[in-house]
1. By average Cβ neighbour count within 10 Å, what is the ranking of A:428-440, A:141-153 from highest down?
2. Please give the charge dipole size of the protein assembly as shown, origin at the Cα centre, charges +1 on K and R Cβ atoms and -1 on D and E Cβ atoms. Round to the nearest 20 debye.
3. Per-residue HN-Hα couplings for the stretch A:145-154, Karplus 6.51 cos²θ - 1.76 cosθ + 1.60 at θ = phi - 60°, whole Hz, x for Gly and Pro?
4. Please work out whether chain B counts as rounded, prolate or oblate from its C-alpha gyration tensor, where a ≥ b ≥ c are the square roots of the eigenvalues and a/c under 1.5 means rounded, while otherwise a/b larger than b/c means prolate and anything else oblate?
5. Distances from A:E15 to the same residue in each other copy, label points 7 Å out along Cα→Cβ, in nm, shortest first?
6. For the stretch A:271-382, just run the numbers: alpha carbon Rg, then divide by 2.2 N^0.38 Å, N being how many residues it has.
7. For a quick check: with amide H placed at 1.01 Å from N, whose amide H comes under 5 Å from B:A96's, ignoring anything fewer than 5 positions away on the same chain?
8. Using Cα centres only, tell me the gap between the stretch A:493-507 and the stretch A:183-216 in whole Å.
Number of protein chains: 2
Amino acid sequence: MRRWNGWGDDQFNLELPAQGQAFLEQRVGSANPLQDATLEEVCLKVPATRLPADAKVDDLIDTRAEVRVRHARGQSLVDWLALRSGEIGIFPDGVAFPDSNSDVRALLRYAKEHDLHLIPYGGGTSVAGHINPIDQGKPVLTVSLAKMNRLLDLDRESQLATFGAGTPGPLVEAQLRAHGYTLGHFPQSFELSTIGGWVASRSSGQQSLRYGRIEQLFAGGRVETLQGTLDLPTLPASSAGPDIREMILGSEGRLGLITEVKARVSRLADQEAFYVVFFPGWEQAKAACRKLVQNRIPLSMLRLSNAIETETQLALAGHPQLIGMLEKFLSFRGVREGKCMMTFGVTGSKAQCRSNLAQARKVCSAHGGVYTGTKLGAKWAEKRFTMPYFREALWQMGYAVDTLETATDWDNVDNLLNRIESNLREGLSKDGERTHVFTHLSHFYGQGCSIYTTYVFRVADTYPQTVARWQHLKNTTSELIVRNRGTISHQHGVGKDHAPFLPVEKGELGMRAIRALTESFDPDARLNPQTLLD
Amino acid sequence: MRRWNGWGDDQFNLELPAQGQAFLEQRVGSANPLQDATLEEVCLKVPATRLPADAKVDDLIDTRAEVRVRHARGQSLVDWLALRSGEIGIFPDGVAFPDSNSDVRALLRYAKEHDLHLIPYGGGTSVAGHINPIDQGKPVLTVSLAKMNRLLDLDRESQLATFGAGTPGPLVEAQLRAHGYTLGHFPQSFELSTIGGWVASRSSGQQSLRYGRIEQLFAGGRVETLQGTLDLPTLPASSAGPDIREMILGSEGRLGLITEVKARVSRLADQEAFYVVFFPGWEQAKAACRKLVQNRIPLSMLRLSNAIETETQLALAGHPQLIGMLEKFLSFRGVREGKCMMTFGVTGSKAQCRSNLAQARKVCSAHGGVYTGTKLGAKWAEKRFTMPYFREALWQMGYAVDTLETATDWDNVDNLLNRIESNLREGLSKDGERTHVFTHLSHFYGQGCSIYTTYVFRVADTYPQTVARWQHLKNTTSELIVRNRGTISHQHGVGKDHAPFLPVEKGELGMRAIRALTESFDPDARLNPQTLLD
């Protein structure tokens, strides 16, 4: 069953290998876990619902305490701390499970008639507070799209698939693969996040280099708004004025509820493989990545770990003997301390894969990269969606893990990356605490790339102190990002946690433009208030 | 010097070869040209300016009759007919030539203080009435960005170039090529259209398959609005809410004046070549195109002429002996009547070009295509921007030429193409007139492609009758396009000519979204009124 207070399936646990624990203790000290609240304890804190009865929608709404607890928070670290401590504060007054567009329209009417707030809910995997209810004195109804999870149409000629917006990653792919197609959108949250959520939050997947971000995959669909139904026609491209699709992308539930997504799909490729190359140092590795993407070498995936992430991954991988052999081999080839690990994928026909692999290897070699073949790449592919489970393992040992991500132009990558890492690394020093910080670049563009930083610190003696540690690191680093030409989010969206930093990025007139849209579609701010902007 | 009443440089004339004229006479009958008005005659019709004097901007504004005539109309057929007849109707009251952002801000203040309308003007190449002044009882000031035509910055690492928005195609490329870079945006209007105009109208170039549409090339920049300056930061990608760039793209001057464009540029490629393949028929040719793009074979350009366009191009090409030899060769290979010509380009490193050409040839062969090498492809490249000059040659013979373009999903391409062609072909039959109609597909996406149709008809005995012929063909076909899942424009924008058809495409709520933006940025509808939407 899905964990009520953390990531994923509660039957699936990852163990940190012994030397992984030693590595962390050496970096940040040994830790004492905090006590988790139980589901039963939390359910007892859920207040009576304030939702008014209404025969037209009562069948759609579940007001039981456990359901409300399970839809109260996302997956950010501060959400975790709330769930683990049992101090959740605000719960939705109920969760609706519509099964059709007309159900959704009925819920919108219900909200209007009874002066409610609605929160659209996909997989509940937000790491920026998107789906957390807030207290504005009005009843809050969370609307889960979970039942709208079917492939509704597949146009093979135009390669367009229509999905219910609540379809989660595995069901998107399974329903397409049965016909020989793939969407190719693989965010790390793939196991739980939904196609509608990807659109609402402008998500990007691990293979965006081949398949594009969700902006490129979202061809059109249907949005139910308080002003009526917005049908977004599918067009391969158009110069007919501003693109309405691009206003829905990233709208985070503020304009309406996305109920159907028409997505651009691809035939399953003949071949796919992932490869790992080690570079002697950061500068060479980064230059190779830039060259690969600026020279348009058609990779399907590319990721570059900095030296600390490389070291951490090797330390936490288990199999010390194998890793030892790898280190020896690399050392013999001149790749030693400070080495950086690149993982890349090629996907396509046999001819394409052959040509693209050859081109990529050539660029890597020219930058001092040592190619190690497919073994480690296959390992990456096997574990690509399991990283969030590590958080659970570390939590049980007393470590809190969070990530921060942004994107910036190439000329600013080192500056921003170094500032982010230093700020996180030194952020808790006044408490005498160390933070273990490491980074990878994982989405590449001719113009720049994403920067994805993970940080690990010890939980404090109490939950409130632990929240304060997180809050300090999160706020100071977010501020630093937007003041240094980074976006407040490359792939996680704005939600409530990033909303205070958005005006720096968008500017006054940019915010005015977004506000013009929310005020036009939802003048009473009923839909997901305080998300994206206040 | 630039032609005041038609396309391009008046020293450059294309002659229609003799057999081309015979071909047209056979298709639509022999024609009698209409009499052109002279520039002097038209200048005499220009009324006194209504612009109030204002020392802060007077130096920027030119109110001489000839300048006002030269900025009164674009390049649509109905614009031509107005210019040729001398019945232009409305002229701007003056043309401003700002040289800086502060000049533009001064002009915006001037417009506000004196209750004027402003029309942003790039290259004046609109074929949808974007820059035509209308009569709303207020003085109209056209603002030409012509002086803001410089490369202001080139960031080699992030491959970002900053241009003044008024920089025309040849100056964009020349200034970049001096540093070894290219933008790669080559609309047919390249000779005159500007980078700011491309952004404002969501343009697409002939090599969009490699370089992307202007949406992909436009990284950010500056827009001067009546509410202040909108700075669009450059970010390689972002999930931070709706994308403001995408609201400016296609805004057609309604939100503000784009003054600076930061564009994503590429290193000049090592190699580039264009190739021509003939297919025995439409179905095979179209299937090959679909396969090429859906299989992600990295071409830099792709164009497919239908049978009538192929026949027309060969007839109008001149060199009847060479064409005769080609026809014999093709006939020997089984490619005869009904054949369709595909042109494609490959661009990149030697290894990429070799691999991509091989992949493309394999797909073409599998669909019955006969490869003819680079000779005809080089011809295409040589003449890629000269087609508009043919309009002049045909006009002098008494033929009017216009084009219509749209895009739709693959499953609808034949349906829409056939409807467009039949409607144009039969549209003047009640007058006893024939129209010669032919089509190519020229921008390809996994989901669908653009449809670009050219039509030629004889001018009537008078200008008003000729306008009526055009109006009938244009209106009925535009209506048909939006009622049949086509966009009202794939690459020319909305302007005034397409504005009546936009609501069908965008829907009521889509129009509401756009209107929310225009009303927020320009509540008094001072900027380019009646363009895009009323």
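All of the numbers you see were taken from the coordinates with simple rules; none came from a lab. Note that the coordinates shown come from a computational prediction; the quantities given were computed from them, not determined experimentally. In this analysis, Cβ positions are derived from the backbone assuming ideal geometry, glycine residues included, and neighbour counts consider all displayed protein chains.
1. Ranking, from highest mean packing down: A:141-153, A:428-440.
2. 3080
3. 8, 4, 7, 9, 10, 10, 6, 8, 6, 9
4. Since a/c reaches 1.5 but b/c is at least a/b, the shape of chain B is classed as oblate.
5. List, nearest first: 8.9 nm.
6. Its radius of gyration relative to the 2.2 N^0.38 Å reference: 1.01.
7. B:D62, B:T142, B:V143, B:S144
8. If we compute the Cα centre of each part, the gap is 21 Å.
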